[in-house]
Amino acid sequence: MTENAPARELQVFLVSPDADLRDMLEGLSLPFEARWHFFDSPGAAVDRLLNAPPDLLLVDGPDGGDAPALDGRRLVEMVKGENVYRSTPVILVLDPEALDLGPDWTRVQADDFLLRQPGLPVPGAPGAGLPGLAALPLDPVEAAARIALTVARARRTQDTNPLTLLPGNTSIMQAVQARIDARELFALGYADLDHFKAFNDKYGFARGDEVLRMAARLLVNTVRQAAEATGFVGHVGGDDFVFAVPAAVARPVCERFIAAFDAIVPGFYDADDRARGAIASRDRGGNPCTFPLMAVSIAVVVNHDAKLAHYGEASSIASELKKRAKATPGSSYVLDRRRT
């Protein structure tokens, strides 16, 4: 996303009968545009939740008092128990007494909580006298900060590759575009594993996943050693990885990563395949074929003279460079030497 791209308005649900809480939350200063939707009870929110899940859900009084039907706790369990909705971040609004009871956080399926300020009951507040509804509203500064942090954390989590825990496509595009917009002299590397599919087909996904985790750890450590905090590593998906480093260290990063990968990857093969230096498998057409041991091909695009305008342009250049890298047997890298 570029700096000038319009931000999407986030849909935020609050389940609470407390009008004062609604007014306070709606008036918070948040670092994103929020459209608030208010529901008096968990039951009133269910249909809307199932048909149009929000970007953030706040539930007040999660124990539900003496509610005979769907209470706040069961609403949260329902949301987090469904694969379609489980990534929705949920914040509980608790009173100090509920926190003093020591909730079992291993069982509470929420992402954070907001604590009501201790005080006298709000005059005329609906449900006054019930746990979680009688205290004064939240501290607005803390509430705004925790809501913003919860949303940011959810975005990072949703964009994290579950296998390698590296940032995914959205984070990659944002990290690269930020460097482009800042007109940095940086190198963007696209690395993928040659003959990975043949390995996966013969040895299975479990061993293939181990190879991907190994490659991710090697790349992260290599980039960290060369670029420290200025480096970035992401996992596009499958056997495709991306890294961004200062242009001056691009070549040593490629050389060190390739050397480490080539030294380690034979250990993932059975002894006979390792001795043969190849495996018998089938190509994409299903025909018997012999494949060499896995290798890594890296295409490196350098932002000389701030030539890049957007992430897509870098990706297009890298696609051509990667063809050249893959044409070389074994592991290799191709460095973009064009300055315009």
* To do: Report yes if some residue within the range 283-293 is open to solvent by less than 20 Å² (accessible area, probe 1.4 Å) and of a type outside the set (Lys, Arg); otherwise report no.
  => no
* Asked: What are the residues in the range 304-331 that are surrounded by fewer than 21 Cβ atoms within 10 Å (Cβ to Cβ) and either β-branched (Val, Ile, Thr) or part of a loop (DSSP other than H, G, I, E, B) (or both), if any?
  -> Lys307, Ala309, His310, Ile317, Ala327, Thr328, Pro329, Gly330
* Find the helices (runs of 4 or more DSSP H) located wholly in the range 166-233 whose residues include 3 or more that are of a type outside the set (Phe, Trp, Tyr) and within 20 Å of Pro252 (Cβ to Cβ), and list them. => 205-227
* When you look at Phe243, is it assigned to a helix (DSSP H, G or I), of a type in the set (Phe, Trp, Tyr) and buried (at least 20 other Cβ atoms within 10 Å of the Cβ), yes or no? -> no
* Structure fact -> Considering residues that are within 19 Å of Val302 (Cβ to Cβ) and either aromatic (Phe, Trp, Tyr) or over 17 Å from the mean Cα position of the chain (by Cα) (or both), the number found within the range 229-267 is 20
* To do: Within the range 31-52, track down each residue that is of a type in the set (D, E, K, R), closer than 23 Å to Asp20 by Cα and either crowded, with 16+ Cβ neighbours inside 10 Å or at pLDDT below 90 (or both).
  => Arg48
* Asked: Across the range 137-192, what is the number of residues that are among the small types (Gly, Ala, Ser) and farther than 30 Å from Pro17 by Cβ?
  -> 8
* When residues of the range 104-120 are limited to those that are under 18 Å from Val79 (Cα atoms), surrounded by fewer than 20 Cβ atoms within 10 Å (Cβ to Cβ) and of a type in the set (A, V, I, L, M, F, W, C), the one modelled with the highest pLDDT -> Val108
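For every residue, the table says whether it meets (1) out of contact with any helix residue (DSSP H, G or I) (no Cβ under 8 Å at 6 or more places or on another chain); (2) among the hydrophobic types (A, V, I, L, M, F, W, C); (3) under 14 Å from Gly189 (Cβ atoms).
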| residue | (1), (2), (3) |
| --- | --- |
| Ala226 | no, yes, yes |
| Phe241 | no, yes, yes |
| Pro252 | no, no, yes |
| Ala278 | yes, yes, no |
| Asn287 | yes, no, no |
| Phe291 | no, yes, no |
| Val296 | no, yes, yes |
| Ala299 | no, yes, yes |
* Can you tell me how many residues in the range 142-189 are touching a residue at least 60 places away in the same chain (Cβ under 8 Å) and more than 19 Å from the chain's Cα centre (by Cα)? -> 12
* Does Val334 qualify as being under 26 Å from Ser171 (Cα atoms), touching a strand residue (DSSP E or B) at 6+ places or on another chain (Cβ under 7 Å), open to solvent by 10 Å² or more (accessible area, probe 1.4 Å) and not in a helix (DSSP H, G or I)? -> yes
* Do we find a residue being open to solvent by 70 Å² or more (accessible area, probe 1.4 Å) and in contact (Cβ under 8 Å) with a residue 60 or more places away in the chain anywhere in the range 213-224? -> no
* Please go through the range 1-17 and pick out each residue that is at pLDDT 90 or above and either outside any strand (DSSP E or B) or open to solvent by 60 Å² or more (accessible area, probe 1.4 Å) (or both). => Ser16, Pro17
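The values are calculated or read from the model by the stated rules, or taken from the named source; none is laboratory data. Note that the coordinates shown come from a computational prediction; the quantities given were computed from them, not determined experimentally. In this analysis, Cβ positions are derived from the backbone assuming ideal geometry, glycine residues included, and neighbour counts consider all displayed protein chains. Only protein heavy atoms, including side chains, enter the accessible area calculation; ligands, DNA and RNA are left aside. Shrake-Rupley method; radii C 1.70, N 1.55, O 1.52, S 1.80 Å.
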